[in-house]
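A.B. asks: Sharing a structure with you now.
The values are calculated or read from the model by the stated rules, or taken from the named source; none is laboratory data. Being a predicted model, the structure only gives us computed values, none of them experimental. Please note: Cβ atoms are built from the backbone with ideal geometry, for glycine as well, and neighbour counts cover all protein chains shown. Just so you know, the surface numbers come from the protein's heavy atoms only, side chains and all, with ligands and any DNA or RNA stripped out. Shrake-Rupley method; radii C 1.70, N 1.55, O 1.52, S 1.80 Å.
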Amino acid sequence: RKQGSARQGQLSPEKLAQKVDAQMSLMVQLFEFSESERRLRDLLVTLFQEVFLEFFPGSAVLPFGSSVNGFNVSGCDLDLFLDLEKTKNFQASAKRPSGDLKPRRDAASQSSQHWARQRNTLTQDKNSLFQMHLLLQAEDGASVELDSCSEDSILSDIDLASATVPEVLELVAAVMRKCVPGVHNVQAVLTARRPVVKFWHKESGLRGDISINNKLAICNTRFLQLCTEMDERVRPLVYVVRYWAKQQALAGPLLNNYALTLLVLFFLQTRTPPILPTVSVLTLLCSLVEEEHTVVDGWDCSFPKDSARLEPSGNKEDLCSLLSEFFRVFEDYDFAGCVISLWEGRPLPLPSFLSSSEAGSKLKLGPFNLQDPFEQSHNVAANVNEKTALRFQHCCCNAAKYCRSLQYQRKSSKGKIWGLVRLFQPGATELLGQAGDFHLLWFQKVCASVAFVLRDMLKCSCVEVGQGLGEEQEVSEVKQEEEELEAKTQQLSVGSKRPLDEGGSNVSLPESMTWNCAVWHRVWLGRRRIRRQLQGPEPETQQQKANSLELEAKVSEAISQQECEARPTDPLFQFTVCAQASRSGTSREQDTRISLRFSTDPEQASVFQEFFHFLQGFLPRMVEQHLVSKA
Ligand code: ATP
Ligand code: MG
């Protein structure tokens, strides 16, 4: 079930909690992978480890990225780092002139055959993963020792110290193709900044990458993990921002999950008081607690290993407001004019950044500058082009607007989509933020329903005579209750109840509509009797209730026929009705009520009063039903 929810990318509103904070936490539970998936991943890592140890003595297979950084999603890719450091050392020592260790070239093929046999057995069996587990356990006792495996390795084929990354990766790919059970679609992608071997593991359905020379990934993964341990708000916030970006088609190769995660962490560093410390503070703390310093590729990657030794943040902001603030902060952020630094926990203005450090001169600047926390000459968002950067801001802007509405903050008592669900609808907040004024779209729909009731149900002649911006004609007024209107807003509710000070309408939707109407028969008299006749003696069934629009039209028809067969030459009376979108509102919410102002000739006032009295009950009810039937 968990996997289903995450893969479909949908959250059922019924499952969602009553508050945005709870929705956010629930989202983590729905998306994170299960314990069995965790075990499955561990098993796969062990499998790779076992195989690679056969060929690369002393090597280590280390998972990084979403499998282990605290932001896992069911089915996410399996990022692996093949650490060949010890193998390199081993090879160097084996090459020393003692001359005893003669590499045997046939050893590799023997080993390959052994694994190929295992693979065949495994892939034929439905329970192969279980068997794989057993196999690994069986192999455990016989795991290859550094010394004993020297003759069994394929190291004689390559000199790790002088081989290029593509050469090593091609060898890794060959080992995977031939010797890792259940692995398919093995492909070395050598053009990427960090070349990888891609694979797909059939039985588990998992896809993954293996890279070498990527120790920094292990460090930054551990750093992300530490951040999740430091404050429990980190995970829900990152999950939501990642998912939001995915739904808005922002996340992808240009702006990937790593970059998005760093942006959230940076945001948390810049709250007052900060929710997360800067990376430089963490490095300093590492020195103070006398932990060993870690330097990778010349970059200081030291930070305390144990989050329990760190002071918790005094910041008490809740998740709901943090998310809203995230969008507010980045809706008009100068991404191009500065470099976002997690090391310092502040944006660094370009001129000073460029002049102040060597890393500055090497960092690839672009429309979105987000410095890696450790590899400071690397812009993790270097692939982001201007269009994506602008779209990111645009989406943040719409999301920020939505987050200011009551619809975001509060569960709707009318069952309308609210909170995160609406935020995740692709394009929904965009519509809200755009000129498209839902209030007026709503008005249009109600007007169409009013015309339908007058024309089709009450058999009035009804001619639309004008649209405009608020002309008023006063005789009497029907105010449709806000509650009634809300109940019909399932599809349009997005436009209602939004704060008045947000985005006025730029589109030319009319705010008023006028019809000239003529009434030909006393359709308000004796309706109950005729309705009973049409319905029969039985009490109203659910089906009949559902068909009441049709029934009411038949009742009017029957009354007209009773009065006279043909239409009289003159109407009983005429009136004008002007519908107007309400612009009043004492609260910050926009008023969704629509005023209907009726005017008639004073000479026809008494008959009109009878009709109007009937309309007061009939019209709102039927408009509501009509809107619901159209929803
Ligand atoms: P996903 O579920 O999308 O795989 P993830 O948490 O694994 O999410 P990735 O974007 O796959 O995130 O990144 C995984 C790791 O790859 C990061 O921890 C980082 O080490 C490395 N990485 C990814 N993108 C970059 C980048 N732009 N610059 C530097 N390192 C990166
Ligand atoms: Mg990944």
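A.B. asks: Name the residue that is surrounded by the fewest Cβ atoms within 10 Å (Cβ to Cβ), counting only residues in segment 245-270 that are of a type in the set (Phe, Trp, Tyr) and more than 10 Å from ligand 1 (Cβ to nearest atom).
C.D. replies: Among residues in segment 245-270 that are of a type in the set (Phe, Trp, Tyr) and more than 10 Å from ligand 1 (Cβ to nearest atom), the one surrounded by the fewest Cβ atoms within 10 Å (Cβ to Cβ) is PHE267.
A.B. asks: From the set of residues in segment 59-72 that are under 22 Å from the mean Cα position of the chain (by Cα) and either more than 6 Å from ligand 1 (Cβ to nearest atom) or outside the structural domain of LEU40 (by TED's automatic domain parsing) (or both), which is most open to solvent (accessible area, probe 1.4 Å)? Show your work before the answer.
C.D. replies: In the first step, residues of segment 59-72 are kept if they are under 22 Å from the mean Cα position of the chain (by Cα); the result is 65-72.
Okay, now just the ones that are also either more than 6 Å from ligand 1 (Cβ to nearest atom) or outside the structural domain of LEU40 (by TED's automatic domain parsing) (or both), so 67-68, 70, 72.
Numbers: SER67: 9, VAL68: 50, GLY70: 16, ASN72: 7 Å².
It comes out as VAL68.
A.B. asks: Output the residues belonging to segment 396-418 that are basic (Lys, Arg) and modelled with pLDDT under 90.
C.D. replies: Scanning segment 396-418 gives ARG410, LYS411, LYS414, LYS416.
Table: residues versus (1) open to solvent by less than 60 Å² (accessible area, probe 1.4 Å); (2) modelled with pLDDT of 90 or more.
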site	(1), (2)
PRO537	no, no
ASN547	no, no
GLN580	yes, no
ASP591	yes, no
GLU610	no, yes
HIS626	yes, no
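A.B. asks: Is it true that some residue in segment 73-84 is of a type in the set (S, T, N, Q) and in a loop (DSSP other than H, G, I, E, B)?
C.D. replies: Yes, that holds for at least one residue.
A.B. asks: Another question, if that's okay. Take segment 20-44 and flag every residue that is within 14 Å of ligand 2 (Cβ to nearest atom) and either in a helix (DSSP H, G or I) or of a type in the set (Asp, Glu) (or both). Break it down into steps so the answer makes sense when it comes.
C.D. replies: Kept after step one, since they are within 14 Å of ligand 2 (Cβ to nearest atom), are these residues of segment 20-44: 33, 41.
Of everything in segment 20-44, just one residue is within 14 Å of ligand 2 (Cβ to nearest atom) and either in a helix (DSSP H, G or I) or of a type in the set (Asp, Glu) (or both), namely ARG41.
A.B. asks: Which of the residues that make up segment 211-224 are assigned to a loop (DSSP other than H, G, I, E, B) and near ligand 1 (Cβ under 9 Å from one of its atoms)?
C.D. replies: Correct list: ASN214 only.
A.B. asks: Got a number for residues in segment 157-191 being among the β-branched types (Val, Ile, Thr), closer than 17 Å to LYS86 by Cβ and surrounded by fewer than 17 Cβ atoms within 10 Å (Cβ to Cβ)?
C.D. replies: Qualifying residue count for the region: 1.
A.B. asks: Give all pairs with beta carbons closer than 6 Å in which a residue from segment 257-271 that is outside the structural domain of PHE335 (by TED's automatic domain parsing) meets a residue that is away from ligand 2 (no atom under 16 Å from the Cβ) and of a type in the set (Ser, Thr, Tyr); count only pairs at least 6 apart in sequence or on separate chains.
C.D. replies: If the second residue must be away from ligand 2 (no atom under 16 Å from the Cβ) and of a type in the set (Ser, Thr, Tyr), no pairs are left.
Residues are listed down the side, and each one gets a yes or a no for (1) of a type in the set (Ser, Thr, Tyr); (2) at pLDDT below 95; (3) surrounded by fewer than 19 Cβ atoms within 10 Å (Cβ to Cβ):
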residue	(1), (2), (3)
LEU155	no, yes, no
ARG193	no, yes, yes
VAL197	no, no, no
LYS202	no, yes, yes
ARG207	no, no, yes
ILE212	no, no, no
GLN225	no, no, yes
ASP231	no, no, yes
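A.B. asks: Further question on the same structure: Return only the number of the condition from (1) part of a helix (DSSP H, G or I); (2) open to solvent by less than 10 Å² (accessible area, probe 1.4 Å) that GLN393 does not satisfy.
C.D. replies: In the conditions (1) part of a helix (DSSP H, G or I); (2) open to solvent by less than 10 Å² (accessible area, probe 1.4 Å), GLN393 misses (2) alone.
A.B. asks: Can you pull out every residue in segment 565-578 that is farther than 24 Å from GLU624 by Cβ and modelled with pLDDT of 85 or more?
C.D. replies: Going through segment 565-578, the residues farther than 24 Å from GLU624 by Cβ turn out to be 565-574.
If the condition is that a residue be farther than 24 Å from GLU624 by Cβ and modelled with pLDDT of 85 or more, then PRO571, LEU572, PHE573, GLN574 are the ones that fit.
A.B. asks: So which residues in segment 403-427 are aliphatic (A, V, I, L, M), under 25 Å from ALA251 (Cα atoms) and assigned to a helix (DSSP H, G or I)?
C.D. replies: Going through segment 403-427, the residues aliphatic (A, V, I, L, M) turn out to be 406, 417, 420-421, 423.
So of that shortlist, the ones also under 25 Å from ALA251 (Cα atoms) come out as 417, 420-421, 423.
Once the filter is applied, which keeps residues that are aliphatic (A, V, I, L, M), under 25 Å from ALA251 (Cα atoms) and assigned to a helix (DSSP H, G or I), segment 403-427 yields LEU420, VAL421, LEU423.
A.B. asks: If I ask for residues that are over 30 Å from GLY298 (Cβ atoms), within 15 Å of ligand 1 (Cβ to nearest atom) and over 26 Å from the mean Cα position of the chain (by Cα), which ones from segment 177-200 would you list? Walk me through how you get there before you give the answer.
C.D. replies: The initial filter retains those residues of segment 177-200 that are over 30 Å from GLY298 (Cβ atoms), namely 177-187, 199-200.
Keeping just the survivors that are within 15 Å of ligand 1 (Cβ to nearest atom) gives 199-200.
Selection gives PHE199 alone.
A.B. asks: Go over the candidates GLN3, GLN91 one by one and state the one that is at pLDDT below 95 and within 20 Å of TRP200 (Cβ to Cβ). It would help to see each step written out before you state the result.
C.D. replies: Details: GLN91 fails: within 20 Å of TRP200 (Cβ to Cβ).
When all the criteria are applied, what remains is GLN3.
A.B. asks: Would you point out which residue out of GLN393, GLN434 is over 15 Å from the mean Cα position of the chain (by Cα), at pLDDT 90 or above, farther than 30 Å from CYS462 by Cα and not acidic (Asp, Glu)?
C.D. replies: One residue alone meets the criteria, GLN393.
Rundown of residues vs (1) in contact with a strand residue (DSSP E or B) (Cβ under 6 Å, 6 or more places away or on another chain); (2) aliphatic (A, V, I, L, M), yes/no style:
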residue: ARG235; (1), (2): no, no
residue: VAL238; (1), (2): no, yes
residue: TYR243; (1), (2): no, no
residue: PHE266; (1), (2): yes, no
residue: SER287; (1), (2): no, no
residue: GLU291; (1), (2): no, no
residue: GLY298; (1), (2): no, no
residue: ARG309; (1), (2): no, no
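Per-residue answers, yes or no, for (1) among the β-branched types (Val, Ile, Thr); (2) modelled with pLDDT of 80 or more; (3) part of a loop (DSSP other than H, G, I, E, B):
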position: SER505; (1), (2), (3): no, no, yes
position: SER508; (1), (2), (3): no, no, yes
position: ASN516; (1), (2), (3): no, yes, no
position: TRP524; (1), (2), (3): no, yes, yes
position: ARG532; (1), (2), (3): no, yes, no
position: GLU540; (1), (2), (3): no, no, yes
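A.B. asks: A further question on this structure: Pairs, please: C-beta under 8 Å, at least 6 apart or cross-chain, first residue of a type in the set (S, T, N, Q) and in segment 373-388, second in a helix (DSSP H, G or I) and open to solvent by 30 Å² or more (accessible area, probe 1.4 Å)?
C.D. replies: From segment 373-388, the pairs are SER377/GLU358; SER377/LYS362.
A.B. asks: Just one of LYS316, LYS305 is surrounded by fewer than 12 Cβ atoms within 10 Å (Cβ to Cβ), assigned to a loop (DSSP other than H, G, I, E, B) and out of contact with any Ser or Thr (no Cβ under 6 Å at 6 or more places or on another chain); which is it?
C.D. replies: Answer to the selection: LYS316.
A.B. asks: Among residues belonging to segment 45-57 that are more than 37 Å from the chain's Cα centre (by Cα) and open to solvent by 20 Å² or more (accessible area, probe 1.4 Å), point out the one that is farthest from ligand 2 (Cβ to nearest atom).
C.D. replies: The qualifying residue farthest from ligand 2 (Cβ to nearest atom) is GLU54.
A.B. asks: List the residue pairs whose Cβ atoms are under 8 Å apart, where the first residue sits in segment 177-199 and is under 15 Å from LEU44 (Cβ atoms), the second is open to solvent by 40 Å² or more (accessible area, probe 1.4 Å) and acidic (Asp, Glu), and the two are 6 or more positions apart or on different chains.
C.D. replies: GLY182/GLU203
A.B. asks: Name, by its number, the condition in (1) open to solvent by 70 Å² or more (accessible area, probe 1.4 Å); (2) modelled with pLDDT under 95; (3) more than 16 Å from ligand 1 (Cβ to nearest atom) that does not hold for ARG39.
C.D. replies: For ARG39, the failing item is (2).
A.B. asks: So, in segment 70-87, how many residues would count as being within 16 Å of ligand 2 (Cβ to nearest atom) and under 28 Å from LEU160 (Cβ atoms)?
C.D. replies: 6
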